[in-house]
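The values are calculated or read from the model by the stated rules, or taken from the named source; none is laboratory data. These numbers come from a predicted model, not from an experiment. Every residue, glycine among them, receives a Cβ derived from its backbone with ideal geometry; neighbour counts consider all protein chains shown. The protein model used for the area step is the full one, side chains on, heavy atoms only, and it has no ligands, DNA or RNA in it. Shrake-Rupley method; radii C 1.70, N 1.55, O 1.52, S 1.80 Å.
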Amino acid sequence: MKKIPSGVYGLNPLMAGGINQGSTNVVIGSAGAGKTTFATQFIRRGLEDGQEAIFISLDENKEQIVKEAVEMGWTEILDYIDQELLVFIDASGKDFSRFIREELPAFVDQWKEANARIVVDPLTPVIWSVQDRYEQRDLLSFLFKQTRRVGTVVCTLEEHNPRGDLSGSEVVIPMYLADGVIHLRHRAAEDTPSRKLKIAKCRSSRHSELYHPYHIMKGLGMVVERGDFKTSAETTAPEEIKRLLKDRARVLPPRVYKRILKALDELTDRDFKDISPDEMVDIIIAEYER
Ligand SMILES: Nc1ncnc2c1ncn2[C@@H]1O[C@H](COP(=O)(O)OP(=O)(O)OP(=O)(O)O)[C@@H](O)[C@H]1O
Ligand SMILES: [Mg+2]
């Protein structure tokens with residue numbers, strides 16, 4: 001899985017190096033959680049790396065988004081727009097269904113294989129534009145498939161469930177369809193406002209399961225704390241399993257042995273926290289022993 005840096009400070013080590021290239025991702029959060037900030041940083045990082053970027057806005061107009069980006073300290077955004085490396089599509093007020101089914105495919109045809117970064121901010125009006133749940137799913141699935149042809153996608157999604165447990169009906173379908181889901185849990189109403197980020201889903205990749213405090217800082221944007229997440233690979237358990245396995249490897253077909261060694265290279269102590277190396281080896285051997 002090829003990873004690309006997210007552009008959000010501190011986030012990449014929590015998801016095995018960054019966002020999966022060519023994937024569709026959803027950033028979920030309540031009002032003011034930092035969804036647009038996240039999306040802007042994702043795009044900024046791509047532009048800094050020489051990738052092109054497309055910002056599809058369904059809510060605020062281009063001027064407003066640019067103004068907020070400049071206020072956050074990203075003045076270069078104006079140069080990228082001038083050079084047409086960053087393109088805005090203002091779909092606010094449009095018939096979203098028609099926009100996605102008719103206008104978007106024509107646009108995608110011009111940009112396909114561009115390996116660009118695409119943002120849709122926010123996805124919520126698309127979901128609200130159709131009543132039927134099946135149609136919602138179909139429309140979102142179509143949107144994801146189309147945008148993915150252009151590159152790596154980040155969509156933002158409003159969260160209206162005050163419990164903040166991702167059970168709201170507006171988030172369920174996009175969560176299923178997306179390859180990655182990041183939850184920005186923002187509690188503004190409490191005495192001490194708190195912001196915590198959790199990676200709820202990241203297909204084909206190991207990731208932190210913890211809540212990580214994050215901050216929004218002028219000039220930098222979103223900065224995520226590492227907390228207790230161990231990023232330096234701790235591999236004593238996988239190494240021990242390899243050692244024990246070597247002595248009993250004659251039971252394993254060579255191709256299986258090779259595959260298991262390769263799998264162990266990707267795992268760390270966290271994966272074996274509830275099972276001892278001895279037990280793990282017994283289980284593997286028992287499967288192939290005759
Ligand atoms: N110029 C700035 N300087 C410092 N902090 C800022 C600045 N602009 C925004 N913020 C902070 O970032 C927070 C998140 O803003 P952002 O627009 O990214 O949220 P959002 O989740 O997209 O909100 P909405 O649901 O309204 O679209 C703001 O509430 C504010 O605290
Ligand atoms: Mg926003």
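If Val26 meets every condition in (1) more than 16 Å from ligand 2 (Cβ to nearest atom); (2) outside any helix (DSSP H, G or I); (3) within 30 Å of Asp271 (Cβ to Cβ) apart from one, which number is that one?
Looking at each condition in turn, Val26 falls short on (1).
Kindly evaluate Gly221 against the criterion of being under 18 Å from Ala33 (Cβ atoms), surrounded by 14 or more Cβ atoms within 10 Å (Cβ to Cβ) and out of contact with any strand residue (DSSP E or B) (no Cβ under 6 Å at 6 or more places or on another chain). If you could, list the steps in order and put the result at the bottom.
Values: under 18 Å from Ala33 (Cβ atoms): yes; surrounded by 14 or more Cβ atoms within 10 Å (Cβ to Cβ): yes; out of contact with any strand residue (DSSP E or B) (no Cβ under 6 Å at 6 or more places or on another chain): yes.
Yes, satisfied.
Check Glu52 against each of (1) at pLDDT 95 or above; (2) open to solvent by less than 10 Å² (accessible area, probe 1.4 Å) and name the one condition it does not meet.
(2)
Out of all the residues in the range 68-82, is one or more away from ligand 1 (no atom under 16 Å from the Cβ), open to solvent by less than 60 Å² (accessible area, probe 1.4 Å) and assigned by TED's automatic domain parsing to the domain that holds Arg117?
yes
From the residues in the range 129-163 that are within 16 Å of ligand 2 (Cβ to nearest atom) and farther than 27 Å from Asn115 by Cα, which one is least open to solvent (accessible area, probe 1.4 Å)?
My answer is Glu159.
Being open to solvent by 60 Å² or more (accessible area, probe 1.4 Å) and outside the structural domain of Phe38 (by TED's automatic domain parsing) narrows it down to one of Arg195, Arg255, Arg203, so name that one. Working first, answer last.
On the way: Arg195 fails: outside the structural domain of Phe38 (by TED's automatic domain parsing); Arg203 fails: outside the structural domain of Phe38 (by TED's automatic domain parsing).
After applying the criteria, what remains is Arg255.
Give the residues of the range 175-218 that are under 14 Å from Phe38 (Cβ atoms), more than 12 Å from ligand 1 (Cβ to nearest atom) and touching a Gly at 6+ places or on another chain (Cβ under 6 Å), sorted by residue number.
Selection gives His212 alone.
Within the range 10-22, track down each residue that is open to solvent by 10 Å² or more (accessible area, probe 1.4 Å) and either outside the structural domain of Thr156 (by TED's automatic domain parsing) or part of a loop (DSSP other than H, G, I, E, B) (or both).
Within the range 10-22, Gly10, Ala16, Gly17, Gln21, Gly22 qualify.
Pairs needed: first member in the range 104-126, closer than 14 Å to Ser23 by Cβ and open to solvent by 10 Å² or more (accessible area, probe 1.4 Å); second member anywhere, more than 15 Å from ligand 1 (Cβ to nearest atom) and modelled with pLDDT of 90 or more; C-beta distance under 6 Å; at least 6 residues apart or different chains.
Cβ pairs passing all conditions: Asn115/Gly151.
Could you give me the residue pairs with C-beta distances under 7 Å whose first residue belongs to the range 155-171 and is of a type in the set (A, V, I, L, M), whose second residue is crowded, with 20+ Cβ neighbours inside 10 Å and part of a loop (DSSP other than H, G, I, E, B) wherever it lies, and which are 6+ apart or on separate chains?
Within 7 Å, the pairs are Leu157/Pro122; Leu157/Leu123; Val171/Glu159.
Residues of the range 32-49 being away from ligand 2 (no atom under 15 Å from the Cβ) and not in a loop (DSSP other than H, G, I, E, B), which ones?
So in the range 32-49, the residues away from ligand 2 (no atom under 15 Å from the Cβ) come out as 44-49.
Scanning the range 32-49 gives Arg44, Arg45, Gly46, Leu47, Glu48.
Among the candidates Leu210, Leu245, which residue alone is under 30 Å from Trp74 (Cβ atoms) and of a type in the set (A, V, I, L, M)? Let's see the steps before the verdict.
Numbers: Leu245 fails: under 30 Å from Trp74 (Cβ atoms).
Step by step, each of Leu210, Leu245 is checked, and only Leu210 is under 30 Å from Trp74 (Cβ atoms) and of a type in the set (A, V, I, L, M).
State all residues of the range 239-269 that are hydrophobic (A, V, I, L, M, F, W, C) and in a helix (DSSP H, G or I); if no residue qualifies, say none.
Ile241, Leu244, Leu245, Ala249, Val251, Val256, Ile260, Leu261, Ala263, Leu264, listed by residue number.
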